[in-house]
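Written below as structure tokens is the structure these notes are about.
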Amino acid sequence: MVHEHVAAVDLGSNSFRLQVGRIVGNQIYPLDGLKETVRLAAGLTPEKLLTESAQLRALEALARFGERLRGFAPEAVRAVATNTLRVAKNAAQFLARAEEALGFPIEVIAGREEARLIYLGVAHTLPHQGARHLVVDIGGGSTEFIIGQAMEPILLESLYMGCVSHSLRFFPGGIVDKRDMKDAELAARRELQAIVHAYREMGWDEAVGSSGTAKAIRDILQQNGFADGDITRDGLDELKSRLIRAGDASRTGLAGMRADRVPVIAGGVAIMSAVFKEFGLTRMTFSEGALRLGVLYDLLGRYHHEDLREATVARFMQRYEVDRRQAARVAETALALYQQLRPQDDIEETPAAQFLLWAARLHEIGISVAHSSYHKHSAYILANADMPGFSKRDQALLARLVLAHRGKLERTQIPRESPEWLLIFCLRIAALLHRARDDAPRPAFKASVIPGGFELALESEWLAGAPLTAASLADEVQHWSAVGLNFKLRARRRQAAASA
């Protein structure tokens with residue numbers, strides 16, 4: 001179902017933003033936006049723990065966003081979190097509170113996925129669709145670099161440096177001097193050296209800045225006559241000089257220096273200056289498109305069944321040389337089991353069924369590493385690889401399903417009451433029934449939910465002719481019992497099966 005209004009929430013390391021848009025055909029028209037300067041990265045201790053005060057600032061902002069989003073359907077809202085929640089060791093505990101405050105799930109996305117979504121947002125605002133663009137997005141805790149053409153990103157990278165983290169590290173207390181500015185710039189240049197060669201080799205026609213730091217610098221340069229509307233090298237040099245001369249961003253007296261940017265502008269300027277030098281730039285334009293707009297367009301793509309996750313699954317199947325016929329057998333049977341257990345669900349529209357299908361298609365990718373314990377290799381790849389379109393939570397779910405499709409169930413460490421057990425049951429039984437990897441018709445079965453677990457009924461004649469599978473199914477009773485759940489295997493005669 002396509003909703004007229006959709007919303008994106010961006011939990012950035014410096015600011016939280018909410019964007020509401022209206023869908024008209026294949027375009028999104030912004031209707032409303034909210035911004036809260038939370039400065040989450042500033043609340044990260046040296047031990048990588050979010051302080052309670054930073055969490056409270058974030059929760060208050062999310063509660064306000066939640067009020068604006070009241071009445072939105074769950075599938076019309078997508079909330080994403082970036083670098084600070086990628087690195088915070090207590091992110092899981094905070095996210096539980098954050099989702100309650102917002103009223104919607106929050107996805108922590110990987111750095112390259114953040115870069116992809118940023119490019120998607122920027123690309124929808126660029127006039128020169130044939131040109132190749134270098135997009136630079138300096139956030140609070142990370143900086144993303146993308147080279148892309150039209151709607152397609154070509155190179156994607158995310159570096160662990162941002163205006164908040166850099167300002168805290170090199171300009172504590174807001175003090176700016178020449179030596180600290182030089183050290184901050186050199187540190188950023190060292191980070192950039194890991195990627196700059198590949199980017200300069202690829203080349204671009206135009207450099208574009210996006211998000212808050214680029215906007216703040218552009219506005220200051222323009223309002224003080226340091227540049228003509230773009231970010232320029234000469235303008236950056238003048239801004240650096242003014243910051244050093246004042247000794248504190250709050251005392252520059254520059255027009256356009258907003259209060260919420262004062263604590264983080266020095267770190268942002270140092271990173272931008274390093275980018276200009278390492279990439280050999282003299283000028284950079286600014287785009288209003290950013291992560292939140294990219295999230296909205298990605299949501300729109302899912303509505304139109306152009307879900308990037310489908311393309312990613314297909315690429316993984318190709319890369320890891322998956323046996324497509326076996327994957328199709330397992331997927332078909334897993335979905336048939338799901339339909340019996342959840343007859344009220346529309347398989348085409350239900351996210352759980354979609355993840356079951358993807359897990360079935362990818363459950364054997366680990367065979368490319370080694371056949372022994374391949375399910376562990378599959379789970380590791382799914383949890384740690386860059387998977388465009390998938391959040392870290394999505395990947396973790398796929399990894400858990402795939403890990404649990406064979407062997408001991410205890411290793412999954414999933415709570416007994418979790419709905420994931422139903423998906424695991426479907427995938428596990430499907431893989432077991434197709435162990436022979438042949439095109440023999442699958443047996444007639446009847447799956448049902450019973451108190452504390454599941455029941456599977458199979459024809460006794462079929463079980464008698466498949467002693468290996470029958471023995472494996474009998475072993476399932478112990479596997480499920482080990483995690484406190486019931487599995488009941490029931491044999492029924494063919495006549496009874498046919499009349500059931």
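Each residue of the range 131-143 is assigned a 3J(HN,Hα), and the resulting list reads 6, 9, 10, 9, 10, 10, 10, 8, x, x, x, 8, 10 Hz, derived from the Karplus form 6.51 cos²θ - 1.76 cosθ + 1.60 (θ = phi - 60°), x at Gly and Pro.
Measuring r between the beta carbons of R22 and R132 and using R0 = 41 Å, the FRET efficiency lands at 0.85. Here the label points at E410 and K488, each 7 Å from Cα along the C-beta direction, are separated by 2.6 nm in the simple model.
Say the cut-off is 26 Å between C-alpha atoms; which of K48/K240; K240/K392; K89/K408; K48/K392; K35/K182 go over it? Cα-Cα > 26 Å for K48/K240; K240/K392; K89/K408; K35/K182; rest within.
Considering only DSSP beta bridges where both residues belong to the range 307-499, give the percentage that are antiparallel (nearest 5). Before the final figure, lay out each step's value.
On the way: 6 of 13 bridges.
Around 45 percent of the beta bridges assigned by DSSP in the range 307-499 are antiparallel ones.
Based on C-alpha pairs under 8 angstrom that are at least 6 apart in sequence, the chain has a relative contact order of 12 percent.
Multiply the residue gap between R319 and D228 by 0.36 nm, knock off their C-alpha separation, and tell me the result in nm, one decimal place.
So the chain would gain 28.0 nm between R319 and D228.
Proximity of backbone amide H atoms, modeled 1.01 Å from N, is registered between A79 and V9, E107 at under 5 Å, excluding neighbours fewer than 5 places apart on the same chain.
At full extension, E310 and D260 could sit 14.0 nm farther apart than now, given 0.36 nm per residue minus the alpha carbon distance. Among bridges DSSP assigns within the chain, what percent are antiparallel (round to 5)? In the chain, approximately 65 percent of DSSP beta bridges are antiparallel ones. In this calculation the C-beta distance from I175 to A198 is compared with R0 = 41 Å, giving a FRET efficiency of 0.70. Footprinting exposure proxy ranking of H377, H405, H371, fewest other C-beta atoms within 10 angstrom first, gives H371, H377, H405. For the range 195-202, backbone phi angles converted through the Karplus equation (6.51, -1.76, 1.60; θ = phi - 60°) give residue-by-residue couplings of 10, 5, 4, 5, 6, 5, 5, 5 Hz, Gly and Pro being listed as x. So for the range 126-287, averaging the separation of alpha carbon pairs under 8 Å that are six or more residues apart and normalising by length, what relative contact order in percent results? Computed value for the range 126-287: 30 percent relative contact order.
Working out 0.36 nm times the residue gap between L341 and L186, then minus their Cα-Cα distance, what length gain in nm do you get to one decimal?
49.9 nm
Dipole magnitude for the chain: computed about the Cα centre from +1 point charges on Lys and Arg Cβ and -1 point charges on Asp and Glu Cβ, it is near 940 debye. The residues M272, M151, when put in order of fewest to most other Cβ atoms within 10 Å, stand as M151, M272. Just one of (i) 25.0; (ii) 23.2; (iii) 24.3 is Kirkwood radius over Cα pairs in Å as worked out from the coordinates here. Which one is it? Correct label is (i).
Every number here is computed from the coordinates shown, using simple stated rules; none is lab data. Just so we're clear, the structure is a prediction, and the values are computed from it rather than from any experiment. All Cβ positions, even for glycine, are placed from backbone atoms using ideal geometry, and neighbour counts span all protein chains on display.
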